[in-house]
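Computed from the coordinates by the stated procedures, all read-outs in this text should not be read as laboratory data. Note that the structure is predicted; figures quoted are calculated from it, not measured. Neighbour counts are summed over all protein chains in view; Cβ atoms, including those assigned to glycine, are modelled from backbone coordinates with ideal geometry.
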Amino acid sequence: MDLDLTGKHALVCGASQGIGLAAARALAELGADVTLLARREEVLRDLAGGLPARAGQVHGWISADSADTGALRAKVEALVAAKPVHILVNNSGGPPPGTVHGAQIPAFEAAYRQHLIANHVLAEAVIPGMERDGYGRIVNVISTSVKEPLQGLGVSNTTRWAVASWAKTLATEVAAKGITVNNVLPGSTETPRIEQIIGNTASKTGRSREEVFEKMVGEIPMRRFARPEETAAAIAFLCSPAASYITGVNLPVDGGRTRSL
Ligand SMILES: NC(=O)c1ccc[n+]([C@@H]2O[C@H](COP(=O)([O-])OP(=O)(O)OC[C@H]3O[C@@H](n4cnc5c(N)ncnc54)[C@H](OP(=O)(O)O)[C@@H]3O)[C@@H](O)[C@H]2O)c1
């Protein structure tokens, strides 16, 4: 099975921690040159220096806020002009929790900009180079809420569906160019984001963090959260030559939590 990414350039977003960082490490392990993107420049600089690297492999970073899509576009277009991107991992911080009833318009606008519009800006910047070089992989890190909306994540659920629909449409349009577009749907994963969700639920319900954790784990057939490396393995596979005939799919990495097919 061909998992070799030597000579490929991967742009991994939301790469300063959690699932994005684990994906960056997995892609570097497979031989790709990796550019990390997130907001915290100091953190990215340190992490880029510590990524796995064989002779000839070069890693870098871009500090950008995916909510500022104008600046994001300029930075990524400059990156692509210097070095075409063959693999794009679209990933960012999840929208704040809250019910959809009562959600304010700016919350939808912010989430759409940071997720849907940022993903689109990034994809538009990298697709011409992918087409020219005959290799393209776009993986969007979304959520299992694409299949089953999650309670208390109203704006997030809504935004995730929009991203999944955008991705499916794009997958169809670019398939003939040798570019695949797929979505990885994490379930509960051991990252700072899940700590935030547990903390929010605990303070809203008056239950302890341990009780919230036990209830969440109880809903997962594997009875544990994912390690970010397990989610990253699915992302890296979809980015590999071995996944050449897979496009337009939603792949849950959730220990069996999603009950729908
Ligand atoms: N962990 C879970 O259980 C779980 C479950 C389902 C879905 N998800 C989703 O999967 C994605 C990744 O999850 P995660 O747990 O790895 O998240 P995380 O730990 O919160 O990490 C988010 C990453 O995105 C970056 N980021 C946040 N806002 C940004 C912005 N405006 N511009 C650029 N970068 C930004 C952060 O870095 P900086 O702060 O340096 O910018 C960080 O590297 C999220 O969308 C999350 O909602 C996670």
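Extension gain for Lys204 to Glu124 (0.36 nm times residue separation, less C-alpha to C-alpha distance): 24.8 nm. Here's the picture: charge each Lys and Arg Cβ at +1 and each Asp and Glu Cβ at -1 in the chain, and of Thr159, Ile235, Gln114 the one pushed furthest to the positive end of that dipole is Thr159. Inter-part distance, region 1-58 to region 221-236, computed on C-alpha centroids, equals 18 Å. Across region 131-195, the mean sequence separation of Cα contacts (distance under 8 Å, 6 or more residues apart), normalised by length, yields a relative contact order of 49 percent. Find how many whole Å separate the alpha carbon centroid of region 82-127 from the alpha carbon centroid of region 160-214. Value for the Cα centre distance between the two parts: 12 Å.
On full extension, the segment bounded by Ala175 and Glu195 gains 3.5 nm, given 0.36 nm per residue less the C-alpha separation.
Note on region 112-151: Cα convex hull, mean projected area over all directions, 3.6 nm². In order along region 61-69, the Karplus-derived 3J(HN,Hα) couplings, from 6.51 cos²θ - 1.76 cosθ + 1.60 at θ = phi - 60°, round to 8, 10, 9, 8, 9, 5, 6, 9, 5 Hz, and Gly and Pro are given as x. Largest GNM mean-square fluctuation among Leu30, Leu51, Leu150, using the chain with Cα springs under 10 Å: Leu150. Computed about its Cα centre, the charge dipole of the chain is approximately 300 debye, with only Lys, Arg, Asp and Glu carrying charge at their Cβ. The amide H of Lys8, built 1.01 Å from its N in the peptide plane, has Asp33 as neighbours under 5 Å, considering only residues 5 or more places off or on other chains. Taking amide hydrogens as placed 1.01 Å from N in the peptide plane, the amide H of Val253 sits under 5 Å from those of Leu185, Gly187, each at least 5 positions away in sequence or on another chain.
The amide H of Trp61, built 1.01 Å from its N in the peptide plane, has Leu36 as neighbours under 5 Å, considering only residues 5 or more places off or on other chains. In this Cβ point-charge picture (+1 for Lys and Arg, -1 for Asp and Glu), region 85-238 has a dipole of about 140 debye about its Cα centre.
The residues neighbouring Ala202, those whose beta-carbon lies less than 14 Å from its own, together hold a net charge of 0 under the Lys/Arg +1, Asp/Glu -1 convention. Considering only Leu47, Leu37, Leu11, the mean-square fluctuation computed in a Gaussian network model of the chain, springs between alpha carbons under 10 angstrom, is largest for Leu47.
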